[in-house]
Amino acid sequence: MSRRLGVALGSGVAWLALLGIWWLIAALENHPGTLWPAPAQVGSALWQLRGALAQNAATTVQEAALGFGAAVALAVAIALASERYRPLAGSLHQLAIGVYSLPLIALAPVLVLWTGSGLTTKVIIAALASFFPVLINLTQALRTTDPQALELMRAAGASSWQVFRCVELPYALPALFAAFTIAAPAAILGAMLAEWVGANSGLGIQLLNSMQNGDVPQLYACLAVASALSLAAWLAFTLLGRLLFPWHASLQPAERRA
Amino acid sequence: MSSPRQPATSAAHDQAPRRPGHPGGPAVSLAGVSKRFRLPGRELLALHDVSLAVTEGEFVSVIGPSGCGKSTLLRLVAGLIEPSAGTITIAGEPPAQARARRELGFVFQEPTLLPWRTALDNVTLLLEVARRGSAAERQRRGLELLELVGLRDFAQARPAKLSGGMQRRVGIARALALDPRILLLDEPFGALDEITRQRMNMELLNIWTHQATTALLVTHNVGEAVFLSDRVLVMATNPGRMVAEVNVDLPRPRSLDLLEDQEFFGLSARLTRLLHRGDQDTGESA
């Protein structure tokens, strides 16, 4: 308990120090308030723009959530298919790596030409940004299931579906949630990136507009909201993972021996 | 089902049928079994021309140095791998059939419990797989088995909360859940300290006495083999093969007092000698 308190205190001090440095730079800046707005200025921008920020954040979250959902569905399907039918695995993964290596920033304009600057482009980019970590983590987890647990099931005459349901899936779920903690913030990033290419609303486009208007406090306010969203997405899946898989090795104290 | 067996006498075992086809014949029988593994660039002869028979109700141990293929032997009997030559039968059937009829109970060196399941749910896992009984019946059977291994009070505990010895007892209870005809034990207590191991041996013996199953144990511990078995088979490495067979004519029921018995010492010394001689043979032929 006292160790926890120490950690909390330590991180509190670190954040305060960071805020102090920020404030110091803002105060020493030649043209106060232009490039380095003081924390208080950003705070007041956040408050004044709360309506617009909330609306834009809602748009971005919607795009990111749809993209994330699509990515997870696709990645899980591919991981399971390549696990069941090993010969498929090679070509499916080559395809996935090919798609992954496409620079999203270059792909976004192409998608706008194809599908217009509506929701579709953002969802696709968000999905592409979050797809790969889910696929890789899940594939890895399915392949590294405790081989003895698999033998145990086979020796007892279990069907492959039973092996999957009772052993492989539960072993893979914590890894899947670990992947979500990376993929969900990536989806938010992808959605904002896609908005830069053209959008009516969203945090990304608000960010771009405030940059073009030289409205630095608003720029920082957008940045703060975007960070908060990513952090919330990470935190949500981390906590959910802990809640759902309290047995997982990463959450256990050192293994006890007889 | 839980009728205590008669103490096995040496006479009964000398007369025990060792050939297939006998009435009440062999529970496990291997004839001329070899196993080759194809490794990158070479072939490994893990087992060479192994023949053995385990009678129904008998406790047989296989001892040998590491790498002699004794675990391979067990996995062949379980039908987890196929022999390269020779035949294996479980009560007259091929292993795959025995497995499908859930006649095999397997205990591994690591407890291999599923960490998200409670002790009880780990024990009932294979009953679920076999779709045997209703959920309530499975639970009742699971609790019975936990009682048998002395873990009734830990039914709802997850494996991480159990000690190594307790985890192994759960593993044994799980192996017994399907009332297997044959219990296959692959160095089940190899990772335990000496005191815990001896205690576990005693418990295993009690359990085996109550369950009336056949047991085939693989171990590298001579004392464990003598303490538990009716018969000990000695293996040597390179290639893995049978080199000797020793009957353990110690009276049953056995207790830990046996560990101080002259006859126990004598048999252990003899088996140790045989193990070393097996090793020497290899040295000379290589």
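The values are calculated or read from the model by the stated rules, or taken from the named source; none is laboratory data. Since the structure is predicted, the reported quantities are computational estimates derived from the model, not experimental observations. Note that we place each Cβ from the backbone using ideal geometry, even for glycine, and neighbour counts take in every protein chain shown. Note: accessible area is taken over every heavy atom of the protein model, side chains too, but ligands, DNA and RNA are not part of it. Shrake-Rupley method; radii C 1.70, N 1.55, O 1.52, S 1.80 Å.
What to note about this one:
- For region B:150-170, the set of residues classified as within 9 Å of another protein chain (Cβ to nearest Cβ) and either within 9 Å of B:A119 (Cα to Cα) or open to solvent by less than 20 Å² (accessible area, probe 1.4 Å) (or both) consists of B:R158, B:P159, B:L162, B:G164, B:G165, B:Q167, B:R168, listed by residue number.
- Selection of region A:163-204 for residues being buried (at least 21 other Cβ atoms within 10 Å of the Cβ), of a type outside the set (A, V, I, L, M) and more than 14 Å from chain B (Cβ to nearest Cβ) yields A:F180, A:P185, A:G190, A:E195, A:G202, A:G204.
- Taken as a whole, region B:100-122 holds no residue that is hydroxyl-bearing (S, T, Y), in contact with a Ser or Thr (Cβ under 8 Å, 6 or more places away or on another chain) and not in a helix (DSSP H, G or I).
- If the condition is being in contact (Cβ under 8 Å) with a residue 24 or more places away in the chain and surrounded by fewer than 18 Cβ atoms within 10 Å (Cβ to Cβ), then region B:92-108 contributes only B:G92.
- Selection status of A:L150, free of Cβ contacts under 8 Å to residues at least 24 places away in the same chain and either surrounded by 19 or more Cβ atoms within 10 Å (Cβ to Cβ) or over 22 Å from the mean Cα position of the chain (by Cα) (or both): yes
- Residue within region B:175-189 that is open to solvent by 10 Å² or more (accessible area, probe 1.4 Å) and not in a loop (DSSP other than H, G, I, E, B) present: yes
- Hey, A:R143 charged (D, E, K, R), within 14 Å of another protein chain (Cβ to nearest Cβ) and within 30 Å of B:P111 (Cβ to Cβ) or not: no
- Among (1) farther than 27 Å from A:L229 by Cα; (2) open to solvent by 40 Å² or more (accessible area, probe 1.4 Å); (3) in contact (Cβ under 8 Å) with a residue 12 or more places away in the chain, the one test that A:H93 misses: (2)
- Among the candidates A:L28, A:L88, residue that is surrounded by fewer than 14 Cβ atoms within 10 Å (Cβ to Cβ) and in contact with a Ser or Thr (Cβ under 7 Å, 6 or more places away or on another chain): A:L88
- Test for A:L128: is it open to solvent by 20 Å² or more (accessible area, probe 1.4 Å) and modelled with pLDDT of 90 or more: yes
- Residue pairs whose Cβ atoms lie under 6 Å apart, sitting 6 or more positions apart in sequence or on different chains, and linking a residue in region B:109-135 that is free of Cβ contacts under 8 Å to residues at least 12 places away in the same chain to a partner that is in a helix (DSSP H, G or I), are B:V129/A:Q162.
- When A:S227, A:S160 are checked against the criterion of being surrounded by fewer than 22 Cβ atoms within 10 Å (Cβ to Cβ) and within 14 Å of another protein chain (Cβ to nearest Cβ), A:S160 stands alone in meeting it.
- The residues in region B:116-149 that are under 25 Å from A:R242 (Cα atoms) and within 11 Å of chain A (Cβ to nearest Cβ) can be counted, and the count is 6.
- Region B:122-136, residues that are open to solvent by less than 60 Å² (accessible area, probe 1.4 Å), farther than 16 Å from A:V163 by Cβ and of a type in the set (G, A, S): B:G133, B:S134
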